[in-house]
1. Condition first: of a type in the set (A, V, I, L, M, F, W, C), within 16 Å of ligand 2 (Cβ to nearest atom) and open to solvent by less than 10 Å² (accessible area, probe 1.4 Å). Now tell me which residues in the range 281-295 satisfy that.
2. Among the residues of the range 212-234, which ones are assigned to a strand (DSSP E or B), more than 9 Å from ligand 3 (Cβ to nearest atom) and under 16 Å from the mean Cα position of the chain (by Cα)?
3. Considering only residues that are open to solvent by less than 10 Å² (accessible area, probe 1.4 Å) and aromatic (Phe, Trp, Tyr), look in the range 242-280 and name the one that is nearest to ALA168 (Cα to Cα).
4. Residue check: is VAL298 more than 22 Å from the chain's Cα centre (by Cα), buried (at least 16 other Cβ atoms within 10 Å of the Cβ), more than 27 Å from ILE83 (Cα to Cα) and modelled with pLDDT of 95 or more?
5. Does PHE49 fit the bill of being under 19 Å from the mean Cα position of the chain (by Cα), open to solvent by less than 10 Å² (accessible area, probe 1.4 Å) and under 24 Å from PRO246 (Cβ atoms)?
6. Just to be sure I understand the filter: pairs with C-beta atoms under 7 Å, separated by 6 or more residues or on different chains, first member in the range 108-131 and farther than 19 Å from THR86 by Cβ, second member open to solvent by less than 10 Å² (accessible area, probe 1.4 Å) and assigned to a loop (DSSP other than H, G, I, E, B). Which pairs pass?
7. Can you tell me how many residues in the range 64-93 are touching a residue at least 24 places away in the same chain (Cβ under 8 Å) and either assigned to a helix (DSSP H, G or I) or in contact with a Pro (Cβ under 6 Å, 6 or more places away or on another chain) (or both)?
8. Check LYS323 against each of (1) under 30 Å from ARG63 (Cα atoms); (2) within 16 Å of ligand 2 (Cβ to nearest atom); (3) open to solvent by 50 Å² or more (accessible area, probe 1.4 Å); (4) at pLDDT below 95 and name the one condition it does not meet.
Amino acid sequence: MGSSNDVTAIPLIDVAPLVKKIDDPDMANDKDLLRVVLTLDYACKEVGFFYVKGHGICEMLMREVRDVSHKFFQLPHEEKMKIKMTRQSGYRGYQKLGENVTKEKRDMHEAVNCLTPIAPGKYGDLGKTLEGDNLWPEYPSNLKVVLENYISLVKDLSRKIMRGIALALGGPADAFERGIAGDPYWALRLVSYPVSSSDEKRTDDTGMMGSHTDYGLVTLVNQDDDICALEVQNRSGVWIRANPIPETFLCNIGDMLQVWSNGIYQPTVHRVINSSHQRRVSAVFFYETDFDAAVEPVELCVEKTGGVAKYDKVVYGERLVRKAFCCFGHL
Ligand SMILES: N=C(N)NCCCC[C@H](N)C(=O)O
Ligand SMILES: O=C(O)CCC(=O)C(=O)O
Ligand SMILES: [Fe+2]
C-alpha cells in the first residue's frame, strides 16, 4: 500500500451539467458541459476511475439499495439458496461465499447476479449460456421493486456518461448508441464481503475480489459509506484506496472502451479487501456494449493514435462468457 488515503488522486466530477443537457441538441457550446467533458477526458486518461456527484439519483435510493442488500445477505443460508445461481437461470441469482472466481482464484464474497434478461434464441449460440430471467428473493419483499427502479436510473446515467466520453474522444455524443451500444447489456451485482480473518497474509494478489479490470464500458459502484475496501492500482503501480464518498458513485472504465478508443483510455486494475469488522456491501452496476457487438478500434481514435489499430476485434458476449462464466463447471 502506498499513500493509503490518497482519495485526491481519484477525481470527483460534478456531472450535473452533463446530466441536464447532454440530450439537448444545442448542447455543443455549453461551457459547463464542456468542462465536465474535459474532466472526464482527464480522468479516463490519467486514472481510469472517477467519482461522480450531481448525478440526480437521490441518496435515499442509493442507501435503500444497500439496505435491501444487507437485509438479503443477513438471511439464513437456506433462505438465500432458494434463489441460488444455476446454469438454468443463465447464472442469475445467489452466489455463495467462495463461488465466484477471478483469474482462477476463489473470491471471498457472496453476491446476487442480476443480468439483462435474454430471451431464448435472441443471440443464437452466442447467447445460449446466458439466456434466462432474473431470480428475485421473497425477502426482503421490496428488493425487486427497489432494484428495478434503480437499474433503470443507473442505466440512463451510464448512457449519459458514455455520451460525455464520446465527446471527450472527439466523436459525436451518440457515437456509442449508434455503434456498439444501442441495446447495451447490463449487469447489477450485489456483493457482500465478510469480515476478514486477521491471520490472512496479504499479497498483491489477495482479495475478497481479486485484482481485475472490468469487461464493459463503464461501471458505477454504490458502496457502503463507512468502510474503505476498494483499492485501485494507479498508473505508477501503487495501490491507492477508493474510499467511499457519500452521495457519489465511484465509476471506472472497462476493457471495451480500451478497444474502442484504441488504447487512448485504459482500464485500471482494482481489487477489494474488507479489513473492517463489519460486513461490507456494494451494488456494482456494469454498463456494457450490445451483447453481440463486434468491438474494434474506431477510425476516429485510430487516426489520433498513429493510424494503426492496436487491438483485435472482439465479440463482446463471447469474451464475457469466456472471462466471467466458464469457471462454473460445478453447476
Ligand atoms: N460484468 C458482467 N457482465 N458481470 C456479470 C456477472 C459476472 C460475474 C463474474 N463471475 C464476475 O467476476 O464479475
Ligand atoms: O465491490 C466493489 O466495490 C467493487 C467490485 C468490483 O470491482 C467488481 O464487481 O467488478
Ligand atoms: Fe471491478
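1. VAL281, ALA283, PHE285
2. Those that are assigned to a strand (DSSP E or B), more than 9 Å from ligand 3 (Cβ to nearest atom) and under 16 Å from the mean Cα position of the chain (by Cα): VAL218, LEU220, ASN222, GLN223, GLU231, VAL232.
3. Selected residue: TYR265.
4. Here the answer is yes, as VAL298 does meet what is asked.
5. yes
6. Once the first residue is farther than 19 Å from THR86 by Cβ and sits in the range 108-131, its partners that are open to solvent by less than 10 Å² (accessible area, probe 1.4 Å) and assigned to a loop (DSSP other than H, G, I, E, B) give MET108/GLY98; TYR123/PHE291.
7. Qualifying residue count for the region: 13.
8. (1)
The values are calculated or read from the model by the stated rules, or taken from the named source; none is laboratory data. What you see is a predicted model, and the numbers here were worked out from it, not measured in a lab. All Cβ positions, even for glycine, are placed from backbone atoms using ideal geometry, and neighbour counts span all protein chains on display. Quick note on the areas: whole protein, heavy atoms, side chains included, nothing else; ligands and nucleic acids left out. Shrake-Rupley method; radii C 1.70, N 1.55, O 1.52, S 1.80 Å.
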